[in-house]
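Asks: The structure under discussion is supplied below as structure tokens; questions concerning it will follow.
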Amino acid sequence: MNDQRPNPDQLLARVEREQAKAKRGRLKIFFGAAAGVGKSYAMLLAARERRAENVDVVVGLVETHGRKETQALLNGLEVLPTRKIDYKGTVLHEFDLDAALNRRPGIMLVDELAHTNAPGSRHPKRWQDIHELLEAGIDVYTALNVQHLESLNDDIGQIAGIRIWETVPDTVFEDADEVELVDLPPDELLVRLKEGKVYLPQQAQHAIQNFFRKGNLIALRELALRQTASRVDAQMLDYREDNAIREVWQVSERILVCIGPNMLAERLVRAGKRLAASLRSEWVVVYVETPELARMPAEKRDGVLRILRLAEQLGAGTVTLSAPAMGEAIIRFARERNINKIVVGKPSRRGWRRWLLGSVVDVLISHAHNINIYLLGSPQLGEREELEAELSLFKKKPLPGLRQRIPSKTRKRYRGYIWALAVTLLSTAVGRLLFGRVELANVVMVFLLGVVFIATRFGRGPSILASVLSVGILDLLFVLPFYSFSVSDSQYLITLLAMLVVAIVISNLMVNVRAQAKVAAHRERRAAALYAMSKELAAAQNEDQIVQIAVRHLHAEFSSRNVILFANAAGRLVYPRRQSLAESLRGADLSVAQWVFEHNEMAGQGTHTLPGADAIYFPIHDEDKAVGVLALLPVNLRRVFLPEQQKLLETFLRQIGQAVARLRFSEQAKSIQMQIEAERLRNSLLSAISHDLRTPLSTIIGSASVLAEDDGHLQAPHRLELSRGIVDEAERMADLINNILDMARLDAGMVELNKQWHPVEEIIGVVLTRLRKHAAGRPIKVKLPPGIPMVHVDAVMIEQVLINLLENALRYTPSATELEITAESVGDRMEISVADHGPGIPDGQEDKLFEKFYQARHESAQSGVGLGLAICRAIVEVHGGRIRAQNRQGGGAVFTFTLPADQPPRLESEE
């Protein structure tokens, strides 16, 4: 009780948090209720103060919105140039993340935390840019309005009637190192709005009539104040935990209502609700399950469950604690949660029983310092009779679905008493064998051993019976005078009394140890189940795998068939595509599940909403948003609604929701990345086509115009030269368009290979013939070993690979250098290379050369669209081969691709 040593696990967690914070920058958020309260102004004032302290401060991006007083604060501060992005004909100015990372100041100012970046940016959201700055060790100042918090999105929409699309995850706000509230009364903000200090005059009038109504501003201000107060409260709790402070601080009202399996439980909950409502404070209902209470009949445990569910319906948080001592557990929990008011019922024990056995109220009054204790009086006789009548009715009508197993428990209890009698008789027989040969104390040990065995196996009642029987038989058969309960020597009275007390104490201790071991085993099993499911969920790749994993583990833990339902594109819940598991529930009521999904509340059997349903329906949510519904058909409602089982189920559902959210976020990130890549490829394609089409078109138009306007003065050689120029440029345009079409077909998987057996020398000969005009005057050397086998390929495609490689070499190498083509069989592969003696490949670009629209920069390079090598890689990979590029030792580059060398067909000899 008085141990003030800090928890080692908490110390370790604190050290890990401090180490993580030491590696990253600090985030300070200037937080406000709406635009115009002065967040950017306060941020710039703080930045100038730090600049005066010789701190390196850089403005990455600050939106002044034309406000002169805000613009004036930028004077004297270094401002990074913005990154300009052309989006649909409009130039957008975005924060330059790369420039900020290269500059690496002490503090970086980045306004509008919830901003959505323009397409083509590295991150979709600005808060992700800021996260990268923090990970790089740069401190960041930023600004945020309360309506942009993700968890408040629905509430803001209901208040203002406007959907806020730009939101920030609450974790970003919670992980901030400092939050400074910038507050302004609604009337003053409306004055600033009318004066044009927030928006332009024509926009200000529209804003006043819509979002900036006074009622909206009051509600937003209250939300901002509450969010800041909650953060301050969380910081206070963290400080108390880090510094192992156990005394309660009277900083805010927190009420703890303690209930037990008695008639006062419901009255305590209702009284706690009234007290919390009058104080507008947080309240928690706690039930402490001691080893003695863990052995209660099922009816009383159901009663506790009903009271806990009533407390949740009234808005309380509910907690179930397991501890040997109820008073100590309550005080420890109250100090951990900084609770300053405890509501309990008056003690039921009176007189000597209270003096001997103690009372929870006495423990609380003695040890709960700085905590106010509120006692709820016991009902009068008439009220008590009514409560007892209600309790008896509840006992007769337990929760639906709960099976009565009292007869089996009764048989087990009788079996324990029979065993107590049998073990006592066995101890008596052993004692008779030892009597006269050993001291009486050793015989006493034999009987105590039997009592310990009974206490270990069958509990308190049989062990007390064994204790009493052992003392009686010891007095009857082993203490003079024999066969009589009278004692001749008074010292034997002390021995018998001590034996009885020791036997009862040992039996109680063994029962408690057995109960605690049972609780520990249950906890270990639950922890193992949670670990197993979380491990499998972490490895799940799609929602079908998540469903199968969850259904299997839920059935193993709760012995109930179940199914997990997700919404389709129209928002309607549907069955999973695959239900091959025997544990899956078929026939769930989709209308009930849809109601649960839309209202994010539990419903079905055993609840107060749609209790006539056969199954129980639980919402699966991530944070405050439902992502699916669990339909569970319980064999026994107690397996679901007991406090410890309900907490376990909630943890299961939370893990499932987080797994689904992780998977969907991953898919969303992939989709965004694909969109960014598609946008980049589109821009590259348009840029390349516009450049490479403009040049030949200009030549064709110019030559054709000269020919059309000729009145016979042009001589035949000039006309022939102009005509050839038109043909050459037209062929160049045709090659460009063919490359684009080939790449599109390869990407779409629309290419069907026409594989035949072809000699390598024949393929190379065709390629050289087609390039004779283009490679005029360039020496090309071919090296083929004798007896080289044929290849099973699509000859037209492989010819295109060689043509593209040779054209690439002709484009990037001096005109007088030699090109080399080699082919050889290496194991089960055919390896073909094209080498040159040009400038080579820049370091680090060996793999980039094969990307679409990528072009190496060389002075000797001719224009191109950057698709030739990408087409080569696509064709080779379709054939099951690989292609690579590297520099030669003597200078130049070599491009090598490998093809599978299948077994050539056997030629039949002619007769």
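Asks: Which one of Val55, Val79 is more than 29 Å from Ile164 (Cα to Cα), open to solvent by less than 60 Å² (accessible area, probe 1.4 Å), modelled with pLDDT of 90 or more and more than 36 Å from the chain's Cα centre (by Cα)?
Replies: Values: Val79 fails: open to solvent by less than 60 Å² (accessible area, probe 1.4 Å).
Within the list Val55, Val79, the selection yields Val55.
Asks: Hey, Asp735 hits all of (1) at pLDDT below 80; (2) over 23 Å from Pro696 (Cβ atoms); (3) of a type in the set (Asp, Glu) but one; which does it fall short on?
Replies: All conditions pass for Asp735, except number (2).
Asks: Here is a list: Leu92, Leu144, Leu113. Which entry is in contact with a strand residue (DSSP E or B) (Cβ under 9 Å, 6 or more places away or on another chain), open to solvent by less than 50 Å² (accessible area, probe 1.4 Å) and either of a type in the set (Asp, Glu) or part of a strand (DSSP E or B) (or both)?
Replies: Result: Leu144 is the single residue among Leu92, Leu144, Leu113 that is in contact with a strand residue (DSSP E or B) (Cβ under 9 Å, 6 or more places away or on another chain), open to solvent by less than 50 Å² (accessible area, probe 1.4 Å) and either of a type in the set (Asp, Glu) or part of a strand (DSSP E or B) (or both).
Asks: Where the second residue is aromatic (Phe, Trp, Tyr) and surrounded by 11 or more Cβ atoms within 10 Å (Cβ to Cβ) and the first is part of a helix (DSSP H, G or I) and lies in region 519-535, which pairs have Cβ atoms under 7 Å and are six or more apart or on separate chains?
Replies: What qualifies is Met533/Phe652.
Yes/no per residue for (1) open to solvent by less than 70 Å² (accessible area, probe 1.4 Å); (2) free of Cβ contacts under 8 Å to residues at least 40 places away in the same chain:
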site: Val596; (1), (2): yes, yes
site: Ala603; (1), (2): yes, yes
site: Thr607; (1), (2): yes, yes
site: Gly628; (1), (2): yes, no
site: Glu644; (1), (2): yes, no
site: Arg654; (1), (2): no, yes
site: Glu667; (1), (2): no, yes
site: Ser671; (1), (2): yes, yes
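Asks: If you take the residues in region 502-524 that are of a type outside the set (A, V, I, L, M, F, W, C) and in contact with an Asp or Glu (Cβ under 9 Å, 6 or more places away or on another chain), which one is most open to solvent (accessible area, probe 1.4 Å)?
Replies: Quick first cut of region 502-524, residues of a type outside the set (A, V, I, L, M, F, W, C) only: 507-508, 512, 514, 516, 518, 522-524.
If we keep only those that are in contact with an Asp or Glu (Cβ under 9 Å, 6 or more places away or on another chain) too, we end up with 512, 522-523.
On the way: Asn512: 51, His522: 73, Arg523: 111 Å².
Taking the candidates together, the pick is Arg523.
Asks: I've got another one for you. Go through Leu663, Leu720, Leu714 for me and flag whichever is in a helix (DSSP H, G or I) and either modelled with pLDDT under 75 or surrounded by 12 or more Cβ atoms within 10 Å (Cβ to Cβ) (or both).
Replies: Working: Leu720 fails: either modelled with pLDDT under 75 or surrounded by 12 or more Cβ atoms within 10 Å (Cβ to Cβ) (or both); Leu714 fails: in a helix (DSSP H, G or I).
One residue alone meets the criteria, Leu663.
Asks: Now, a different point. Restricting attention to region 349-376, which residues are open to solvent by 30 Å² or more (accessible area, probe 1.4 Å) and modelled with pLDDT under 75?
Replies: Matches in region 349-376: Arg349, Arg350, Gly351, Trp352, Arg353, Arg354, Trp355, Leu356, Leu357.
Asks: When the residues of region 794-829 are filtered to those that are assigned to a strand (DSSP E or B) and modelled with pLDDT under 90, which remaining residue is surrounded by the most Cβ atoms within 10 Å (Cβ to Cβ)? If you could, list the steps in order and put the result at the bottom.
Replies: Start the filter on region 794-829 by keeping residues that are assigned to a strand (DSSP E or B), which leaves 819-826, 829.
With modelled with pLDDT under 90 added as a condition, the list becomes 825-826, 829.
Numbers: Ser825: 15, Val826: 9, Arg829: 13.
Filtering first and then ranking leaves Ser825.
Asks: For region 476-498, enumerate the residues that are modelled with pLDDT of 80 or more and either on the phi > 0 side of the Ramachandran plot or outside any loop (DSSP other than H, G, I, E, B) (or both).
Replies: Result: Leu476, Leu477.
Asks: Got at least one residue in region 62-75 being open to solvent by 10 Å² or more (accessible area, probe 1.4 Å), among the acidic types (Asp, Glu), under 35 Å from the mean Cα position of the chain (by Cα) and at pLDDT below 90? Full working, then the answer.
Replies: Pass one, region 62-75, residues open to solvent by 10 Å² or more (accessible area, probe 1.4 Å): 62-69, 71-75.
Filter once more, keeping what is among the acidic types (Asp, Glu): 63, 69.
Subset that is under 35 Å from the mean Cα position of the chain (by Cα): 63.
When the remaining residues are screened for being at pLDDT below 90, the result is 63.
There is at least one residue in region 62-75 that is open to solvent by 10 Å² or more (accessible area, probe 1.4 Å), among the acidic types (Asp, Glu), under 35 Å from the mean Cα position of the chain (by Cα) and at pLDDT below 90.
Asks: Still on this structure: Considering region 309-325 alone, what residues qualify as being outside any loop (DSSP other than H, G, I, E, B), touching a residue at least 40 places away in the same chain (Cβ under 8 Å) and open to solvent by 10 Å² or more (accessible area, probe 1.4 Å)?
Replies: Arg309, Leu310, Gln313, Thr318, Thr320, Ser322
Asks: Now a separate question. Could you list, in sequence order, the residues of region 414-465 that are small (Gly, Ala, Ser), surrounded by 13 or more Cβ atoms within 10 Å (Cβ to Cβ) and either modelled with pLDDT of 85 or more or in contact with a Gly (Cβ under 9 Å, 6 or more places away or on another chain) (or both)? Before the answer, list the steps.
Replies: As a first pass, look at region 414-465 and keep what is small (Gly, Ala, Ser): 416, 420, 422, 427, 429, 431, 436, 441, 450, 455, 459, 461, 463.
Now narrow it down to the ones that are surrounded by 13 or more Cβ atoms within 10 Å (Cβ to Cβ): 416, 420, 422, 427, 431, 450, 455, 459, 461, 463.
Scanning region 414-465 gives Gly416, Ala420, Ala422, Ser427, Gly431, Gly450, Gly459, Gly461, Ser463.
Asks: Pull up region 865-880, narrow it to residues that are free of Cβ contacts under 8 Å to residues at least 24 places away in the same chain and on the phi < 0 side of the Ramachandran plot, then point me to the one that is least open to solvent (accessible area, probe 1.4 Å).
Replies: Checking each candidate, the answer is Arg873.
Asks: Right, something else. With respect to Ser470, determine if the residue is hydroxyl-bearing (Ser, Thr, Tyr), over 30 Å from Gln655 (Cβ atoms) and surrounded by fewer than 19 Cβ atoms within 10 Å (Cβ to Cβ). I'd like the intermediate steps shown before the answer.
Replies: Details: hydroxyl-bearing (Ser, Thr, Tyr): yes; over 30 Å from Gln655 (Cβ atoms): yes; surrounded by fewer than 19 Cβ atoms within 10 Å (Cβ to Cβ): no.
Here the answer is no, as Ser470 does not meet what is asked.
Asks: In addition: Looking at (1) among the β-branched types (Val, Ile, Thr); (2) without any contact (Cβ under 8 Å) to a residue 24 or more places away in the chain; (3) more than 27 Å from Glu180 (Cα to Cα), can you tell me which one Ile85 breaks?
Replies: Among (1) among the β-branched types (Val, Ile, Thr); (2) without any contact (Cβ under 8 Å) to a residue 24 or more places away in the chain; (3) more than 27 Å from Glu180 (Cα to Cα), Ile85 violates only (2).
Asks: Going through region 252-274 one residue at a time, which ones are assigned to a helix (DSSP H, G or I) and open to solvent by 40 Å² or more (accessible area, probe 1.4 Å)? Quick ask: steps written out before the conclusion?
Replies: So the first thing to find is which residues in region 252-274 are assigned to a helix (DSSP H, G or I), and the list is 265-274.
Hits for region 252-274 are Glu266, Arg267, Arg270, Lys273, Arg274.
Asks: Of the numbered conditions (1) more than 22 Å from Lys273 (Cβ to Cβ); (2) open to solvent by 70 Å² or more (accessible area, probe 1.4 Å); (3) modelled with pLDDT under 65, Glu390 fails exactly one; give the number of that condition.
Replies: Exception for Glu390: condition (1).
Asks: Assuming Glu166 fulfils every condition listed in (1) under 19 Å from Phe31 (Cα atoms); (2) part of a helix (DSSP H, G or I); (3) at pLDDT below 90; (4) open to solvent by 50 Å² or more (accessible area, probe 1.4 Å) apart from one, which condition is it?
Replies: Evaluating Glu166 over (1) under 19 Å from Phe31 (Cα atoms); (2) part of a helix (DSSP H, G or I); (3) at pLDDT below 90; (4) open to solvent by 50 Å² or more (accessible area, probe 1.4 Å) leaves (2) as the failure.
Asks: Now, a different point. Within region 475-497, is there a residue that is within 21 Å of Gly416 (Cα to Cα) and in contact (Cβ under 8 Å) with a residue 12 or more places away in the chain?
Replies: Step one: of region 475-497, the residues within 21 Å of Gly416 (Cα to Cα) are none.
Checking region 475-497: not a single residue is within 21 Å of Gly416 (Cα to Cα) and in contact (Cβ under 8 Å) with a residue 12 or more places away in the chain.
Asks: Quick check on this structure: which one of Ala856, Ala861, Ala885 is at pLDDT 85 or above and either surrounded by fewer than 19 Cβ atoms within 10 Å (Cβ to Cβ) or not in a helix (DSSP H, G or I) (or both)?
Replies: Numbers: Ala856 fails: at pLDDT 85 or above; Ala861 fails: at pLDDT 85 or above.
Every option except Ala885 fails the conditions.
Asks: Can you find, within region 116-141, the residue that is most open to solvent (accessible area, probe 1.4 Å) among those that are of a type in the set (A, V, I, L, M) and assigned to a loop (DSSP other than H, G, I, E, B)? Steps first, please.
Replies: The initial filter retains those residues of region 116-141 that are of a type in the set (A, V, I, L, M), namely 118, 130, 133-134, 136, 138, 140.
Filter once more, so that each one left must be assigned to a loop (DSSP other than H, G, I, E, B): 118, 136, 138.
Working: Ala118: 8, Ala136: 29, Ile138: 2 Å².
My answer is Ala136.
The values are calculated or read from the model by the stated rules, or taken from the named source; none is laboratory data. These numbers come from a predicted model, not from an experiment. Heads up, the Cβs are rebuilt from the backbone with ideal geometry, glycines too, and the neighbour counts pull from every protein chain shown. SASA here: full protein model, heavy atoms, side chains in, ligands and nucleic acids out. Shrake-Rupley method; radii C 1.70, N 1.55, O 1.52, S 1.80 Å.
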